[in-house]
Amino acid sequence: MYRYDEYDQKILSERVAQFRGQMQRYLAGELSDPDFRALRLMNGLYFQRFAPMYRIAIPYGMLSSTQLRKLAEIARQYDRGYGHFTTRQNIQFNWCKTEDIPDIFAELASVEMHSVQTSGNCIRNTTTDQLAGVAVDELEDPRPYCELIRQWSSFHPEFAYLPRKFKIAVSSSKQDRAAVQMHDVGVYMLRNEAGEIGYQIWVGGGLGRTPILSTKIREFLEKPHLLSYLEAIVRVYNRHGRRNDTNRARIKIMVRDMGGEAFAELVENEWNKIKDSYLQLTDDDILRMQSHFTQPDYDADAANDTQFEHYLNSDKGFARWVQHNVTEHKQPGYRAVYISLKAPGIPPGDCTHEQMDLIADLADQYSLGELRTTHDQNLVLADVRQGDLYALWQKLGEQELATPNIGTLNDMICCPGLDFCGLANAGSIGIAEKLNQRFDDLDYLYDLGELKLKMSGCMNGCGHHSVGHIGILGVEKKGGEWYQLTLGGDATHDASLGDRVGPAIEKDQIVDAIEAILTVYVEQREGDERFLDTYRRVGMEPFKQRVYATKEAA
Amino acid sequence: MTPAPNAIVNRQVVENHWQHIDDDSALPDSGDITVSLKRWQEAEGQFPDHVGQVAVRLSNDIDVEEVYPGIAHSPMILLDFPIIDTNKRGYHPDGKAYSQARLLRERCGYRGEIRAHGQEVISDVLLYMERCGINAFEMREGQNLGKAIACFSEFSEAYQGAASGPQPIFLRRRAAT
């Protein structure tokens, strides 16, 4: 993975010192609340419902075991012993003390981590495929490009006060595992007719209260122009984006209102003026960055192992875990392993310091000392020899990290909701727990197959409900917590936004409503059809009827 | 508009000699003044009777490339950095003029003083503004100017090229290989 050089380290330590100074001035009353607000957000610090929330960047989801141990240490020393992995591949701490934040920041900097630009109206952490570099359907490792974007966007002097937050995602595989079309800018790496690899550029996607899928604005962009094109897009947005209404300030509204073609024209005009500037990447720039992401020294004998086959046939629990939580790898004899952070009774994405320490040790022992975070709020050990899978499974199980539920209904994604967040209208963690209790039969879950349930506690949509096969959105109604259901959302290449089922449903009826939806699916599906495909085929009506019929009967 | 008593120019605290004249007010006979783009354009940038300098003031929605030929001879260009009221927060630093500054310096080639003015001009943003090509600052009232000067030295490195600042890191890495 990318390692800092002296420049990266210097600039980060200067940032730590700057923020320490700002915090001192704030605590001494020399910096006003609103002035400090803009500055602290750009350093990942939110003031929340009960305590501050501190969001730490995990650039495109890559973590070393050393970094994860540091996060465990921070959880122990400064928080209540756990952290929360987010839908943007980052991690949040919910119980830190405000005055401790500069010290935590310095701790992070000691392991090449930071919290810079994890909030605020600036360019946020770039995200990508959690299987980058090991995926069988990958064209080229997207991480060198993500790191180029990270450096270009970090401390960018022109783009610190944009109309609104700005998120970029990159995908380089056949299957989009990075929800590219839900981002302000989405980059698909692809090959053109001449056989060259370049980028397809999409702009104006986003969730939140007005979910919109992005629009393709350029079919193919040659490799050297990645940064100049991004700079052109963000400059057009900075100059022309709306600022007087927070709810209409994202680039998605601008693109929707003016149309993709008109927007693309503005970008192309700007880009033509800067494409030959120093922003143009040279072959060496790209090679230098790729040298940080070289293929590891894989064990050539890995595929000769016979233990894996033996345990698959002799241990049903292991076989079940392999079927759901282990995925193929481009290197023969290797697999990528999903560590489920969705054990029953645990808020999705939460991870204790003991678990982090264990995972760090396992990463060292079995996966070349690295791991990845996913936008589904799980972790991945990407380079595990098949012969090590059985031992790894047993050790993960000791800390409830081997729940074989990846891709099932219980692998739901979920924001912190009313329990923590100052913006939420309704709880989400409690609903997740109730769903877990109701649908605790693994065989039933497996029978349901791939099912993406996504839940947000408010319109801001941190839980990506709009692109859930089943989406649950918390709303406030009559002073209580109510929930709006959507069906048919999807975050992959074939992206779509969910359709609203009908009026919001009361808290104590939401689990029944989900069950009604699942029952209709089971009745209606043909063969191995996924929930999403059944919905797309039969439409809303049967689901709607059953959901509200149940309600009336109750 | 009441001018601040002091300003920072080229990282030095200096007495502010500029006055910003509203469109509703008559131009004074003398002194260094700024006028709106509208007034500037009406006079075609010529103020032969005025004793002292006259410079143009741009609101942050102006397309600087489009108007530049008419303002290139202005001895100074004043840019606006307001904090605007949004429906939700009531406090939103508006960063449009960061782009204006870079375009003036890097694309139009303006060599005169670019001066930042407005509620957003506080110590903590000076370095980014400077890197975008701004070299003079009328600080919001209540800022400690001595401490503000120190803020220019908070970062010694930069990832990006811009109008000014250290040579970007990637160019040095490029040169090293």
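The values are calculated or read from the model by the stated rules, or taken from the named source; none is laboratory data. Since the structure is predicted, the reported quantities are computational estimates derived from the model, not experimental observations. Methodologically, a virtual Cβ is constructed for each residue, glycine included, from the backbone with ideal geometry; neighbour enumeration extends over all protein chains shown.
For the stretch A:149-263, list the strands (runs of 3 or more DSSP E) that sit wholly inside it and hold at least 3 residues that are farther than 25 Å from A:VAL116 by Cα, more than 14 Å from chain B (Cβ to nearest Cβ) and in contact (Cβ under 8 Å) with a residue 40 or more places away in the chain; which are they?
Numbers: elements: A:168-171, A:185-191, A:197-203, A:215-222.
Qualifying strands (runs of 3 or more DSSP E): A:185-191, A:215-222.
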Item to check | Which listed residue is charged (D, E, K, R) and closer than 16 Å to A:PHE543 by Cβ, from A:ASP494, A:ASP447, A:ASP512, A:ASP441 | outcome: A:ASP512
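Please find, among A:GLN89, A:GLN67, the residue that is in contact with a strand residue (DSSP E or B) (Cβ under 6 Å, 6 or more places away or on another chain), polar (S, T, N, Q) and not in a strand (DSSP E or B).
Working: A:GLN67 fails: in contact with a strand residue (DSSP E or B) (Cβ under 6 Å, 6 or more places away or on another chain).
It is A:GLN89.
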Checklist entry - All but one of (1) over 18 Å from the mean Cα position of the chain (by Cα); (2) surrounded by fewer than 17 Cβ atoms within 10 Å (Cβ to Cβ) hold for B:HIS50; which doesn't? => result (2)
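Quick check on A:GLU398: is it surrounded by fewer than 23 Cβ atoms within 10 Å (Cβ to Cβ), under 22 Å from A:VAL326 (Cβ atoms), out of contact with any Lys or Arg (no Cβ under 6 Å at 6 or more places or on another chain) and in contact (Cβ under 8 Å) with a residue 40 or more places away in the chain? Lay out the reasoning, then the answer.
Working: surrounded by fewer than 23 Cβ atoms within 10 Å (Cβ to Cβ): yes; under 22 Å from A:VAL326 (Cβ atoms): yes; out of contact with any Lys or Arg (no Cβ under 6 Å at 6 or more places or on another chain): yes; in contact (Cβ under 8 Å) with a residue 40 or more places away in the chain: yes.
Yes, satisfied.
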Item to check | Unique residue being assigned to a loop (DSSP other than H, G, I, E, B) and on the phi < 0 side of the Ramachandran plot when the list is B:GLU141, B:GLU130 | outcome: B:GLU141
Next on the checklist: I'd like to verify a number: residues in the stretch B:120-142 that are facing chain A (nearest Cβ under 10 Å) and over 22 Å from B:GLY109 (Cα atoms), how many?
Outcome noted: 7
Checklist entry - What is the number of the single condition among (1) assigned to a loop (DSSP other than H, G, I, E, B); (2) out of contact with any His (no Cβ under 7 Å at 6 or more places or on another chain); (3) within 28 Å of A:SER428 (Cβ to Cβ) that A:ASN405 does not meet? => result (2)
Checklist outcome for this item: Considering residues that are buried (at least 21 other Cβ atoms within 10 Å of the Cβ) and either in contact (Cβ under 8 Å) with a residue 12 or more places away in the chain or within 18 Å of A:CYS421 (Cα to Cα) (or both), the number found within the stretch A:23-38 is 2
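Conditions tested, residue by residue: (1) assigned to a strand (DSSP E or B); (2) out of contact with any Phe, Trp or Tyr (no Cβ under 8 Å at 6 or more places or on another chain); (3) hydrophobic (A, V, I, L, M, F, W, C); (4) modelled with pLDDT under 90.
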site: A:GLY461; (1), (2), (3), (4): no, yes, no, yes
site: A:VAL511; (1), (2), (3), (4): no, yes, yes, no
site: A:ILE517; (1), (2), (3), (4): no, no, yes, no
site: A:ASP528; (1), (2), (3), (4): no, yes, no, no
Checklist entry - Quick one: in the stretch A:1-46, which of the residues that are at the interface with chain B (Cβ under 10 Å from one of its Cβ atoms) and basic (Lys, Arg) is farthest from B:SER153 (Cα to Cα)? => result A:ARG37
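Within the bounds of the stretch B:83-99, is there any residue that is more than 10 Å from every other protein chain (Cβ to nearest Cβ), free of Cβ contacts under 8 Å to residues at least 60 places away in the same chain and within 23 Å of A:VAL236 (Cβ to Cβ)? First the steps, then the outcome.
So the first thing to find is which residues in the stretch B:83-99 are more than 10 Å from every other protein chain (Cβ to nearest Cβ), and the list is none.
For the stretch B:83-99, residues more than 10 Å from every other protein chain (Cβ to nearest Cβ), free of Cβ contacts under 8 Å to residues at least 60 places away in the same chain and within 23 Å of A:VAL236 (Cβ to Cβ): absent.
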